[in-house]
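Any read-out appearing in this document is the output of simple, stated calculations on the displayed coordinates, not a laboratory observation. Remember, predicted model here, so these are calculated numbers, not experimental data. FYI the Cβ positions are ideal-geometry reconstructions off the backbone, even for glycines, and counts take in every protein chain you see.
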């Protein structure tokens, strides 16, 4: 494994108008590395006054940023992309240090976020507007206009990728953006701020406010913040959406998931087993696209046997990082204990996994596979957010789809099969915003947008792609008629 170096980074501040600023709050939050179970930094638990200072700085620069030619705004993204690539090792280390990912997983997440940066460089072509003559002498023109000061609240599990889903589209569209990163994993947000400044972004266009509940509530309530994007649990997503929209503001809040993979007997054994494992255990299962339930239709034992063998090959610290915190570790382990008590057969048990050498105090939980799970058990219904795969057995595809579509979430679904008819049926009937066919993590690539259905999303549209651009902008329509009031110009023809 690539070694994670312990660092004591000391006190970190907010990033306001292009520089680090002290908070007016006297409360701080400790950042604990899940690799070492030690404090690596502290951040301010910011209050409304801190947010207001950032908002006022953003408001003051917004008119100039809005007037900046969109090609010049896109040029900042070109330079930012190059800086991200040049500093990949630095950023990946910080993500691993405060999140617990492996270095390789951290780099993969940065590259996924970089795709949106690349897409943002194309906005001069996408936001060029539209114009046509709709009647004799009458022309209609439509343009995308920035909203003003906007904000994003992002989760612990992808501390760089999710901000990079929001920031490039929002600021290249002409908005000023305030980021409230997770209070568990804020370190990469500071580097993003520094990289954007290095790329030539004017001071005040991008700000970072640290904190927890009070900072989130301030963002929801502040009258000068025009739109809020959120990624996190469904419980909090619903609260943020309700509180923000009650102020008459725009909100798009992505929540949790309980994604299902339908496995049929004709599926390719090797690729299906590897796909099931990668989907459920990648990022230690701490992602909203993790498929934490496999629904086996009829006899899929050869695939399950291969799955077990693949899981036993997983090496902690190489194939999978740590759990984010001790409370999260205890909660995930509680789900496994409960399933075992309810009668689940534990095919692979990660509860007593051996930590990598030098990381004995880390929050390590190995791959865990539960078989003969009932659809109404907690491990099958609730979002565990850990490296746990529950296998439900059934005898028909219809029954499998009822299990999938009865879950309250709708982020993703997948099917593993070599039958085009089976794939077509499941992709058309799954109640999910993203569907994979022989792909366990069906995250769309840009310009196709990311977003789920049902309890996995509150608000309209998606967070990336063209749908993301639409979220951060308003349409302005101008209808013009020019009467021929002066015919002097005709003598020149």
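At a glance:
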{"quantity": "Region 249-386: antiparallel DSSP beta bridges as a percent of all, rounded to 5", "calculated": "35 percent"}
{"quantity": "The chain: angle of helix 326-342 to the longest principal axis, Cα-based, in degrees nearest 10", "calculated": "50 degrees"}
{"quantity": "Quarter of Cα convex hull surface for the chain, i.e. mean projection, nm²", "calculated": "27.2 nm²"}
{"quantity": "Extension reserve of the residue 85-residue 408 stretch, reckoned as 0.36 nm per residue once the Cα distance is removed", "calculated": "112.4 nm"}
{"quantity": "FRET efficiency, 1/(1 + (r/R0)^6) with R0 22 Å, evaluated for residue 111 and residue 437 via beta carbons", "calculated": "0.40"}
{"quantity": "In nm, spacing of pseudo-spin labels at residue 398 and residue 453 (7 Å Cα→C-beta vector)", "calculated": "2.0 nm"}
{"quantity": "Efficiency of FRET from Cβ geometry, residue 22 and residue 274, R₀ 51 Å, rounded to 0.05", "calculated": "0.55"}
{"quantity": "Region 46-85 pair-distance distribution - Cα-Cα, 10 Å bins, rounded %", "calculated": "26, 30, 34, 10"}
{"quantity": "Cα centroid separation - region 439-455 against region 341-401, whole Å", "calculated": "24 Å"}
{"quantity": "Förster-model FRET efficiency, 60 Å R0, residue 427 and residue 2, C-beta, rounded to 0.05", "calculated": "0.95"}
{"quantity": "Cα principal axis extents for region 1-105, largest first, Å", "calculated": "48, 37, 16"}
{"quantity": "Residue 78-residue 132 pseudo-label distance in nm [points 7 Å out on the Cα-to-Cβ vector]", "calculated": "3.2 nm"}
{"quantity": "Ranked list, fewest to most other Cβ atoms within 10 Å of each Cβ, for 68, 418", "calculated": "418, 68"}
{"quantity": "Globularity ratio of region 168-315, using Cα Rg and 2.2 N^0.38 Å", "calculated": "1.43"}
{"quantity": "Ellipticity estimate at 222 nm from DSSP helix runs (n ≥ 4, -39,500 (n - 2.57)) divided over the chain, nearest 500", "calculated": "-12000 deg cm²/dmol"}
{"quantity": "Average Cα contact separation per residue, region 259-437, under 8 Å, 6 or more apart, as relative contact order %", "calculated": "30 percent"}
{"quantity": "Sorted by Cβ density within 10 Å, fewest first, the residues 195, 363", "calculated": "195, 363"}
{"quantity": "Cα centroid separation, region 96-161 to region 189-219 (Å)", "calculated": "16 Å"}
{"quantity": "Taking 177, 119, 62 and counting other C-beta atoms within 10 Å, the order from fewest to most", "calculated": "62, 119, 177"}
{"quantity": "Rounded to 5, percent antiparallel among DSSP beta bridges of the chain", "calculated": "45 percent"}
{"quantity": "Angle between the chain longest axis and helix 420-429 axis [Cα atoms, degrees, rounded to 10]", "calculated": "60 degrees"}
{"quantity": "Centroid-to-centroid separation of region 38-74 and region 240-303 [C-alpha atoms, Å]", "calculated": "34 Å"}
{"quantity": "Kirkwood Rh, Cα atoms: Rg over Rh of region 259-437", "calculated": "0.96"}
{"quantity": "Helix 187-198 vs. the chain, principal-axis angle (Cα, 0 to 90°, nearest 10)", "calculated": "30 degrees"}
